[in-house]
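In what follows, a single structure is set out as structure tokens and then discussed.
Quick note: the coordinates plus some simple rules give every number you see, no bench work behind them. The shown structure was predicted, so the numbers you read here are calculated from the model rather than taken from an experiment. Cβ atoms come from the backbone with ideal geometry, glycine included; neighbour counts cover every protein chain shown.
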Amino acid sequence: MSVLPIRVLGDPVLREETKPVDEITDELRALVANMFETMYLAKGIGLAAPQVGRTERIAVVDVDGQKFTIINPEIVSSSSKTAKSEEGCLSIPDVYGDVERPMSVKVRALDIDGRDFEIEADELLGRCLQHEIDHLHGKLFLDYMSVLKRRSALNKWAKEKDKYPGFIRHLEDDPSLEHEHPDEEL
Ligand code: K1U
Ligand code: ZN
């Protein structure tokens with residue numbers, strides 16, 4: 001398995017619409033395994049294909065051990081009740097903002113074996129699924145913020161973005177992620 005470079009805000013791939021998957025190949029299975037590995041190293045709870053420079057409609061999620069691969073996901077229903085909570089994004093490191101979203105959603109998707117399944121989710125899992133499905137449509141959490149809050153988030157990003165030449169975040173070089181070396185003494 002490999003850790004993949006993460007594309008950050010400014011890379012056009014994050015704004016592209018993804019393409020539905022019509023066949024789950026060994027190459028896509030390897031991509032999914034690499035996306036999980038990358039998400040765990042980045043200490044994220046989700047990761048969508050465009051964040052690793054891919055245009056397939058695929059995302060992975062692990063919220064407190066509730067682990068899903070979602071292929072061609074669709075939100076089939078969402079609650080009218082909404083909730084506001086802070087979100088981050090592995091593609092916009094160190095920038096956070098409150099986002100109001102439906103409190104619960106029902107998502108239909110294919111799993112890694114191509115089988116149809118549904119998830120009914122609220123709280124952090126529901127929010128994470130919505131955030132990842134947004135990525136698959138070129139949408140970012142910043143798009144939901146008020147003009148003033150988005151401006152402030154973008155000002156913060158302007159100070160961060162030079163750490164990521166070519167709009168690429170190499171997790172191995174990321175000082176915000178503490179890696180334990182196997183030989184390191186405690
Ligand atoms: O898609 C991504 O960029 C991953 C993102 C998903 C997400 C975070 C918060 C709310 C909704 C969706 C992250 O995992 S960023 C890391 C993070 O903010 C977080 C990590 C653990 C628990 C809660 C948030
Ligand atoms: Zn994100």
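Scan the range 40-49 and give yes if some residue there is on the phi > 0 side of the Ramachandran plot and away from ligand 2 (no atom under 16 Å from the Cβ), otherwise no. Lay out the reasoning, then the answer.
We begin by selecting, within the range 40-49, every residue on the phi > 0 side of the Ramachandran plot; these are 43.
Now narrow it down to the ones that are away from ligand 2 (no atom under 16 Å from the Cβ): none.
No: zero hits.
The residue list LEU171, LEU140, LEU125 contains one member that is of a type outside the set (D, E, K, R) and either without any contact (Cβ under 8 Å) to a residue 12 or more places away in the chain or touching a Leu at 6+ places or on another chain (Cβ under 6 Å) (or both), which is LEU171.
Counting only strands (runs of 3 or more DSSP E) that fall entirely inside the range 36-122 and contain at least 3 residues that are buried (at least 21 other Cβ atoms within 10 Å of the Cβ) and out of contact with any Lys or Arg (no Cβ under 6 Å at 6 or more places or on another chain), the qualifying elements are 46-48, 58-63, 66-78, 104-110. The number of residues in the range 56-74 that are over 13 Å from the mean Cα position of the chain (by Cα) and within 16 Å of ligand 2 (Cβ to nearest atom) comes to 1.
A search for C-beta distances below 6 Å between a residue of the range 84-106 that is of a type in the set (Phe, Trp, Tyr) and any residue that is within 10 Å of ligand 1 (Cβ to nearest atom), counting only pairs 6+ apart in sequence or on different chains, returns TYR96/GLU86; TYR96/GLY88. The C-beta contact set for the range 1-17 (first residue within 13 Å of CYS89 (Cβ to Cβ), second residue among the hydrophobic types (A, V, I, L, M, F, W, C) and surrounded by fewer than 16 Cβ atoms within 10 Å (Cβ to Cβ), distance under 8 angstrom, 6+ apart or interchain) comprises ILE6/ILE168; ARG7/ILE168; VAL8/ILE168; ASP11/ILE168. Scanning the range 20-55 for residues that are in contact with a strand residue (DSSP E or B) (Cβ under 6 Å, 6 or more places away or on another chain) and free of Cβ contacts under 8 Å to residues at least 60 places away in the same chain, we see that the one that is nearest to ASP174 (Cα to Cα) is MET39.
Please determine, by comparing only the residues of the range 122-154 that are hydrophobic (A, V, I, L, M, F, W, C), in contact with a strand residue (DSSP E or B) (Cβ under 6 Å, 6 or more places away or on another chain) and closer than 19 Å to SER78 by Cβ, which one is nearest to ligand 2 (Cβ to nearest atom). Please lay out each step first, then the result.
Pass one, the range 122-154, residues hydrophobic (A, V, I, L, M, F, W, C): 124-125, 128-129, 133, 136, 140-142, 145, 147-148, 153-154.
Still in the list and also in contact with a strand residue (DSSP E or B) (Cβ under 6 Å, 6 or more places away or on another chain): 124-125, 128-129, 133, 136, 141, 145, 153.
With closer than 19 Å to SER78 by Cβ added as a condition, the list becomes 124-125, 128-129, 133, 136, 141.
Details: LEU124: 14, LEU125: 15, CYS128: 9, LEU129: 12, ILE133: 11, LEU136: 11, PHE141: 7 Å.
That would be PHE141.
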